[in-house]
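Have a look at the structure below before the remarks.
The values are calculated or read from the model by the stated rules, or taken from the named source; none is laboratory data. Only a predicted model underlies this, so the values are computations on that prediction, with no experimental measurement involved. A quick note on method: Cβ atoms are made from the backbone with ideal geometry, for glycine too, and the neighbour counts reach across all protein chains shown. All accessible areas refer to the heavy atoms of the entire protein, side chains included, with ligands and DNA or RNA removed. Shrake-Rupley method; radii C 1.70, N 1.55, O 1.52, S 1.80 Å.
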Amino acid sequence: MSRFQDRVGEQLSTGAFHYVVVAQRFMPTMERTLAYMNASMTAARFYAVELVRFTADKVSAFEARTVMKPAPATTTTAVVLVNEARFLDGIADPEYREALHRLFEQCKLLGLRFEWG
């Protein structure tokens, strides 16, 4: 359970989610926007799914068609995102790690923001 909670916390802090945008029809500008988001937001993945409705004799049916999906992740160019927890975990000296942790906490109390990547 602890590992699960750590993993969920990591996903929340990095924003590594899969987003599915569903519409009846996607315009070229919408597709370009999703392509841009996939290219610029390396942690999040964006999909475009068209929901097509078929009707006949008072019966309706729906089909979901994937219009756009992100390029598959390659193992050769995998990016490991760093967050505060990963950064601190990489420090072997416990006193130094604790000192940095306290420094980060004080900075947060002052309203300073850290950008991890």
Quiz prompt | Candidate set: the range 19-45, residues that are open to solvent by less than 50 Å² (accessible area, probe 1.4 Å) and assigned to a loop (DSSP other than H, G, I, E, B); chosen: the one nearest to N83 (Cα to Cα) | solution = A43
Quiz item: Going by the structure shown, is A48 open to solvent by less than 60 Å² (accessible area, probe 1.4 Å), at pLDDT below 85 and in contact with a helix residue (DSSP H, G or I) (Cβ under 6 Å, 6 or more places away or on another chain)?
Solution: no
Quiz prompt | Matching residues in the range 64-114 - criterion: being in a loop (DSSP other than H, G, I, E, B), open to solvent by less than 90 Å² (accessible area, probe 1.4 Å), among the aliphatic types (A, V, I, L, M) and at pLDDT 85 or above | solution = I91
Quiz item: Right, A16: part of a loop (DSSP other than H, G, I, E, B) and either touching a residue at least 24 places away in the same chain (Cβ under 8 Å) or not hydrophobic (A, V, I, L, M, F, W, C) (or both) or not?
Solution: yes
Exercise. Inspect the range 9-17 for any residue being open to solvent by 50 Å² or more (accessible area, probe 1.4 Å) and either closer than 18 Å to M68 by Cβ or at pLDDT 90 or above (or both) and give the result as yes or no.
Key: yes
